[in-house]
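The values are calculated or read from the model by the stated rules, or taken from the named source; none is laboratory data. Just so we're clear, the structure is a prediction, and the values are computed from it rather than from any experiment. Here the Cβ is made from the backbone with ideal geometry for all residues, glycine too, and neighbour counts use every protein chain on show. The accessibility values were calculated without ligands, DNA or RNA, using every heavy atom of the protein model including side chains. Shrake-Rupley method; radii C 1.70, N 1.55, O 1.52, S 1.80 Å.
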Amino acid sequence: MARRRIVSTVVAFARLVLPATRAAAADDITVLCSNGLKAVVEDLAPKFENTTRQKLVVKYGLAASLEQRINDGEAFDVAFVTPAVMDHLVADGRISRDTRATVARSGLALAIRTGTRKPDVSSSDAFKRALLNAKSIAYAKEGASGVLFAALIQRLGIANELQARSRLTTTGEAVSEAVVKGDVELGVLPLSEILPVKGEEPVVFPADVQSYIVMVGGVNAASKHAQAARELIKYVMAPAALPVLKAKGMER
């Protein structure tokens, strides 16, 4: 009899708690964020939550893969992706045009294993030699940095020479993992994706061959939390967020 009363009490408690839990989840802001802005969002998200009492659910990935997920119907309120992806989403009516905002950018860098000798990249010629002298180079084939790097080595006229020693990965994380393990000599990533990784350090591209990964934000046109989503974008773009951006390898 006592056992039956305990079970009844537990069931009654669950009926009270579970609906509240579902209601809280329904009020969450779902964020789809490109890896290029990951370090910044990981720092700012808890601060935004503490300030607004609004819960964020953040999912990361390559901008191209996030676009596919959105096109496949994945629910979200805010997206932080590259300009090209954002333009597609705006054109398709998935992002409200008036919410599109440029957040920050990060320059490209070579990732090297901590403790190894830094290659000379003091000029474009030195940079070119460093690439040609490298035994192996990894970059994400479909990542924004990988696309820019592939175009760069084509422009420098060394794409064919680097082909045999290039390792194309599916993600930026795989690039960092290969560098840290010593499986490749050099990796190519945005500075913002190198700085947070223990075991690797950046060598920034020289100015005359530098390219930037730009991050833009936008609100789902069908979001039920549009106002809160807009506030999140404003928060990331606020002057108070600038020190975080700089510390994570980004700039305005």
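Per residue, the accessible area of the chain comes to 52 Å² when a 1.4 Å probe rolls over the protein heavy atoms. Which whole-number percent of Cα pairs in region 176-216 have a distance greater than 13 Å? The calculated P(r) of region 176-216 puts 55 percent of pairs beyond 13 Å. Taking each of Lys38/Lys181; Lys118/Lys234; Lys38/Lys234; Lys135/Lys198; Lys59/Lys135; Lys141/Lys198 in turn, the alpha-carbon distance tops 28 angstrom for Lys118/Lys234; Lys59/Lys135.
Given the Cα-Cα distance of Gln154 and Leu168 and 0.36 nm per residue of separation, how much length would full extension add, in nm? Spell out each step's value before the answer.
On the way: separation 14, 0.36 × 14 = 5.04 nm, distance 1.55 nm.
So the chain would gain 3.5 nm between Gln154 and Leu168.
Whole-Hz Karplus values for region 225-233 come out as 10, 4, 5, 5, 5, 5, 5, 5, 4 Hz, taken residue by residue from phi with 6.51 cos²θ - 1.76 cosθ + 1.60 and θ = phi - 60°; glycine and proline positions read x.
Could you give the length gained by full extension between Asp183 and Ala238, i.e. 0.36 nm per residue of separation minus their alpha carbon distance, to one decimal place? Present the calculation step by step, with values, prior to reporting the outcome.
On the way: separation 55, 0.36 × 55 = 19.80 nm, distance 3.99 nm.
Result for the pair: 15.8 nm of gain on full extension.
Backbone phi angles across region 85-96, fed through the Karplus curve with coefficients 6.51, -1.76 and 1.60 (θ = phi - 60°), yield HN-Hα couplings of 5, 4, 4, 5, 5, 5, 4, 7, x, 7, 10, 5 Hz in residue order; Gly and Pro are listed as x.
Taking the Cα centre of the chain as origin, sum charge times position over the Cβ atoms of Lys and Arg (+1) and Asp and Glu (-1), and report the length of that vector in debye to the nearest 20. Mind showing how you got there, number by number?
Details: 33 positive and 26 negative charges, 185 e Å.
So the dipole magnitude of the chain works out to roughly 880 debye.
Under the simplified labelling scheme, the Lys246-Lys59 pair shows an inter-label distance of 3.5 nm, with each label point 7 Å from Cα along Cα→Cβ. Amide H to amide H distances under 5 Å link Ala104 with Met215, where only residues 5 or more positions off or on other chains count and H is placed in the peptide plane. Net length available on complete extension from Asn133 to Arg69 is 19.2 nm, with 0.36 nm assigned per residue and the Cα-Cα distance removed.
Which of the peptides 151-157, 41-47 is most tightly packed, and how do the rest follow, judged by the mean count of other Cβ atoms within 10 Å per residue?
Taking the mean over residues of other Cβ atoms within 10 Å, the ranking is 41-47, 151-157.
Net charge in the neighbourhood of Val179 (other residues with Cβ under 12 Å of its Cβ; Lys, Arg +1, Asp, Glu -1) is -3.
For region 159-252, a simple Cβ point-charge model (Lys and Arg +1, Asp and Glu -1, everything else neutral) yields a dipole of about 540 debye relative to the Cα centre. Compared with the dominant Cα axis of the chain, that is its longest principal axis, helix 38-52 is turned about 30°.
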